[in-house]
Amino acid sequence: MGSQDDSRRLPPKWRYPVEKTYTKTSPETMDEFTLVRAHFDEMLLQLQSKETAQYRHDETEAMIHKEGQELCRLMFQASLDRNANNEERHQSVTGEDKVIRPHFRKDCNRTITSMFGEVRYRRMGYSHPKSGSRFPLDQQLNMPKRKYTYGLREQVSLGVCQVAFDASLHNLSNVIAGTIPKRQAEELVAEASIDFDTYYAQRSLTAIQPAETLLVLSQDGKGIVMRHDDLRDATRKAATKEKHTLTTRLSTGEKRNRKRMATVATVYDLKPYQRTTADVISFKQESSNNEADKRQGPKAENKRVWASIEKTMEGVTEDVVQEAMRRDPHRNRSWVMLVDGHKDQIKVIKRVFKRHGVEAPLILDFIHVLEYLWKAAWCFFNSSDKEQAKEAEKWVLTQAKWILHGRSGIAAAGMRNKAHRCKLPDKKSTVIDTVAKYLTNHTEMLRYDYFMERGYPIASGVIEGACRHLISDRFEITGAQWSLKTAEGILKLRAIRSSGDWEQYHAFHKKQEWLRNHHQRFHASETSSWEWRL
């Protein structure tokens with residue numbers, strides 16, 4: 001290197017050309033890290049120069065970031081060159097097909113895109129005229145099947161599972177040197193989530209919960225706008241046949257068939273929490289504004305949430321039961337299932353429970369019941385009149401108390417009698433009849449007095465939050481239409497992150513990638529020295 005004279009001016013946009021790192025380096029003539037040291041020395045000279053001394057702090061920061069990325073790229077390139085130069089030559093390599101590959105090729109090159117930019121990767125290849133090549137160094141280094149490193153793929157996955165693809169990839173390009181086109185990013189998301197089911201199937205919990213701890217299961221559904229070809233068959237046929245009166249908006253009663261239903265699920269542990277009707281209803285009343293007077297219930301523990309738009313409702317329910325059985329293999333704990341009253345959902349849950357011999361009460365979400373009561377209330381009271389709105393609230397609270405006391409039949413009969421006395425028009429009478437049937441048809445699921453005495457939860461706040469976080473916060477972007485594979489990948493990645501398993505999952509995923517792409521492609525005699533290191 002030259003003298004470190006402060007008067008020496010360096011071009012502010014100086015950068016080593018990428019092509020330099022693609023030149024084969026030889027241990028006899030050149031150390032693999034020579035360019036790394038040269039670049040670092042140049043960075044120091046530039047920082048010490050008079051020109052850089054005149055920079056604002058943000059200009060200096062930008063320069064260090066840019067040249068620092070290049071330094072990291074050169075270091076990564078040098079590391080790959082060192083591995084290539086030190087690779088041992090074999091007489092032959094045997095694959096999993098027991099075919100001996102004696103033909104040797106040196107310097108088999110491929111381009112890899114990393115978080116620091118593109119690098120050239122060299123290794124030895126062994127082939128047979130009638131069989132595919134094998135690369136022992138790929139197995140040793142767990143090189144990705146695609147050109148993108150696992151580190152870059154994980155950063156892309158983390159970004160796109162939080163915000164839109166375009167915004168995420170743009171933000172990512174400002175932080176790292178590696179870039180990925182949107183189409184490739186969508187494919188990488190699907191690949192990054194491929195081991196979702198396998199990971200949770202093999203995962204063992206750190207500790208078995210006490211027998212008194214409740215095991216709470218819950219499911220719900222949420223629609224996602226899909227591309228036409230990825231809609232379910234019935235929805236796609238309905239979308240093809242649909243005819244609308246207006247072109248710019250839907251008329252009353254019309255439905256645009258463009259959503260596919262995703263099933264959202266959660267399993268968590270909860271300590272029993274005994275309470276009374278007053279504990280539940282009091283927070284709805286204006287007289288209870290003192291936070292100190294409110295009883296704080298236990299929080300959900302070991303919570304796992306997930307969703308699938310690809311699997312059927314029954315497939316997700318099966319996964320819910322399997323997750324519960326992993327947590328309570330000897331069935332020592334009390335299981336409860338929170339539902340929202342969807343007929344098909346209840347049928348599926350009962351069918352899966354029967355198949356596995358599960359005896360768990362189905363509890364109708366109390367928040368959904370309140371929504372039904374409010375629908376009935378507005379048939380009796382005028383929502384635009386403040387005084388009547390207050391009367392409506394009192395009426396809803398009275399019916400809610402009956403229901404919490406386990407007397408939903410009395411509440412249903414009462415609102416029918418009131419409708420008869422008020423001589424409601426047919427449209428409002430139909431609403432009252434619907435609400436009353438909802439209460440009478442789900443009597444077994446509305447035994448809130450029994451559930452609260454046992455300390456069971458009666459509200460599905462966890463699953464509602466999961467629907468909002470997993471789907472609404474990410475998929476309800478104006479104008480967005482999703483493909484099936486991309487939507488399923490995003491749902492799985494968001495679920496992994498929400499459940500606090502991001503690092504553990506990706507460690508497991510990389511091991512599975514090594515097994516699929518490398519370990520299983522070699523004969524057992526060729527893989528003994530390359531055991532996976534977690």
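The values are calculated or read from the model by the stated rules, or taken from the named source; none is laboratory data. Note that the structure is a prediction, hence the values are computed from the model and not measured. In this analysis, Cβ positions are derived from the backbone assuming ideal geometry, glycine residues included, and neighbour counts consider all displayed protein chains. Side chains included, ligands, DNA and RNA excluded: accessible areas come from the protein's heavy atoms. Shrake-Rupley method; radii C 1.70, N 1.55, O 1.52, S 1.80 Å.
Restricting to segment 258-275, name every residue that is in a strand (DSSP E or B) and among the charged types (D, E, K, R).
Result: Lys259, Arg260, Asp269.
So Lys511 fits all but one of (1) crowded, with 18+ Cβ neighbours inside 10 Å; (2) more than 16 Å from Val264 (Cα to Cα); what number is the exception?
(1)
So which residues in segment 137-153 are surrounded by fewer than 20 Cβ atoms within 10 Å (Cβ to Cβ) and of a type in the set (D, E, K, R)?
Result: Lys145, Arg146, Lys147.
Looking at Gly341, Gly315, can you tell me which residue is at pLDDT 95 or above and either farther than 22 Å from Arg447 by Cβ or open to solvent by less than 20 Å² (accessible area, probe 1.4 Å) (or both)?
Selected residue: Gly315, the only one of Gly341, Gly315 that is at pLDDT 95 or above and either farther than 22 Å from Arg447 by Cβ or open to solvent by less than 20 Å² (accessible area, probe 1.4 Å) (or both).
Within segment 485-500, how many residues turn out to be under 28 Å from Leu205 (Cβ atoms), in contact (Cβ under 8 Å) with a residue 40 or more places away in the chain and either touching a Cys at 6+ places or on another chain (Cβ under 8 Å) or surrounded by fewer than 21 Cβ atoms within 10 Å (Cβ to Cβ) (or both)?
The number of residues fulfilling the criteria is 6.
Under the condition of being under 17 Å from Phe381 (Cβ atoms) and in a loop (DSSP other than H, G, I, E, B), which residue from segment 401-446 is farthest from the chain's Cα centre (by Cα)?
My answer is Lys423.
Counting just the residues of segment 351-371 that are more than 27 Å from the chain's Cα centre (by Cα) and open to solvent by 60 Å² or more (accessible area, probe 1.4 Å), which one comes out nearest to Val280 (Cα to Cα)?
Looking at residues that are more than 27 Å from the chain's Cα centre (by Cα) and open to solvent by 60 Å² or more (accessible area, probe 1.4 Å), I get Glu371.
So Lys98 passes all but one of these: (1) under 30 Å from Ser173 (Cβ atoms); (2) in contact (Cβ under 8 Å) with a residue 24 or more places away in the chain; (3) charged (D, E, K, R). Which condition number does it fail?
Exception for Lys98: condition (1).
Mind telling me which of the residues Glu526, Glu488 ends up being farther than 13 Å from Asn142 by Cβ and modelled with pLDDT of 95 or more?
Numbers: Glu526 fails: modelled with pLDDT of 95 or more.
Selected residue: Glu488, the only one of Glu526, Glu488 that is farther than 13 Å from Asn142 by Cβ and modelled with pLDDT of 95 or more.
Looking at segment 160-177, can you tell me whether even one residue there is surrounded by 20 or more Cβ atoms within 10 Å (Cβ to Cβ), touching a Phe, Trp or Tyr at 6+ places or on another chain (Cβ under 9 Å) and not basic (Lys, Arg)?
Checked segment 160-177: no residue is surrounded by 20 or more Cβ atoms within 10 Å (Cβ to Cβ), touching a Phe, Trp or Tyr at 6+ places or on another chain (Cβ under 9 Å) and not basic (Lys, Arg).
Among the residues in segment 476-484, are any assigned to a helix (DSSP H, G or I) and either among the acidic types (Asp, Glu) or open to solvent by 50 Å² or more (accessible area, probe 1.4 Å) (or both)?
Looking through segment 476-484, none of the residues is assigned to a helix (DSSP H, G or I) and either among the acidic types (Asp, Glu) or open to solvent by 50 Å² or more (accessible area, probe 1.4 Å) (or both).
Search segment 118-136 for residues being closer than 30 Å to Val175 by Cβ and open to solvent by less than 10 Å² (accessible area, probe 1.4 Å), and hand back the single one that is nearest to the chain's Cα centre (by Cα).
Among residues in segment 118-136 that are closer than 30 Å to Val175 by Cβ and open to solvent by less than 10 Å² (accessible area, probe 1.4 Å), the one nearest to the chain's Cα centre (by Cα) is Val119.
Identify the residue in segment 156-167 that is out of contact with any helix residue (DSSP H, G or I) (no Cβ under 6 Å at 6 or more places or on another chain) and in a helix (DSSP H, G or I) and, among all such residues, is modelled with the highest pLDDT.
Leu158
I want to confirm something. Restricting to segment 450-468 and keeping residues that are touching a residue at least 60 places away in the same chain (Cβ under 8 Å) and open to solvent by 60 Å² or more (accessible area, probe 1.4 Å), which single residue is nearest to Leu370 (Cα to Cα)?
Glu464
Just checking, does segment 328-337 include any residue being out of contact with any Pro (no Cβ under 9 Å at 6 or more places or on another chain), over 17 Å from Pro210 (Cβ atoms) and crowded, with 18+ Cβ neighbours inside 10 Å?
Looking through segment 328-337, none of the residues is out of contact with any Pro (no Cβ under 9 Å at 6 or more places or on another chain), over 17 Å from Pro210 (Cβ atoms) and crowded, with 18+ Cβ neighbours inside 10 Å.
Inspect segment 391-412 for any residue being open to solvent by less than 30 Å² (accessible area, probe 1.4 Å) and either touching a strand residue (DSSP E or B) at 6+ places or on another chain (Cβ under 9 Å) or among the β-branched types (Val, Ile, Thr) (or both) and give the result as yes or no.
Checked segment 391-412: at least one residue is open to solvent by less than 30 Å² (accessible area, probe 1.4 Å) and either touching a strand residue (DSSP E or B) at 6+ places or on another chain (Cβ under 9 Å) or among the β-branched types (Val, Ile, Thr) (or both).
Any idea which residue in segment 297-312 is farthest from Ser460 (Cα to Cα), counting only those that are open to solvent by less than 50 Å² (accessible area, probe 1.4 Å) and within 18 Å of the chain's Cα centre (by Cα)?
Among them, the one singled out is Ile309.
Residue check: is Leu515 more than 19 Å from His368 (Cβ to Cβ) and without any contact (Cβ under 8 Å) to a residue 40 or more places away in the chain? If you could, list the steps in order and put the result at the bottom.
Details: more than 19 Å from His368 (Cβ to Cβ): yes; without any contact (Cβ under 8 Å) to a residue 40 or more places away in the chain: yes.
Taking the combined requirement at face value, the residue satisfies it.
Go through (1) among the polar types (S, T, N, Q); (2) closer than 18 Å to Gly341 by Cβ; (3) open to solvent by 10 Å² or more (accessible area, probe 1.4 Å) and name the single condition Ser384 misses.
(2)
Got at least one residue in segment 185-204 being crowded, with 18+ Cβ neighbours inside 10 Å, more than 14 Å from Arg494 (Cα to Cα) and at pLDDT below 90?
no
For segment 168-194, which residues satisfy the criterion of being among the aliphatic types (A, V, I, L, M) and not in a helix (DSSP H, G or I)?
Val175, Ile176, Ala177, Ile180, Ile194
Between residues in segment 163-181 that are closer than 23 Å to Val119 by Cβ and residues that are of a type in the set (Lys, Arg) and assigned to a helix (DSSP H, G or I), which pairs lie under 7 Å by C-beta distance while being six or more apart or on different chains?
Listed pairs, sorted by first residue: Leu169/Lys182; Ala177/Arg73.
Filter segment 347-368 down to the residues that are within 21 Å of Ala436 (Cα to Cα), in a helix (DSSP H, G or I) and either at pLDDT 95 or above or not aliphatic (A, V, I, L, M) (or both) and list them by number. First the steps, then the outcome.
At the first step, the residues of segment 347-368 found to be within 21 Å of Ala436 (Cα to Cα) are 347, 362-368.
Next, from what is left, pick out any that are in a helix (DSSP H, G or I): 347, 366-368.
Scanning segment 347-368 gives Lys347, Phe366, His368.
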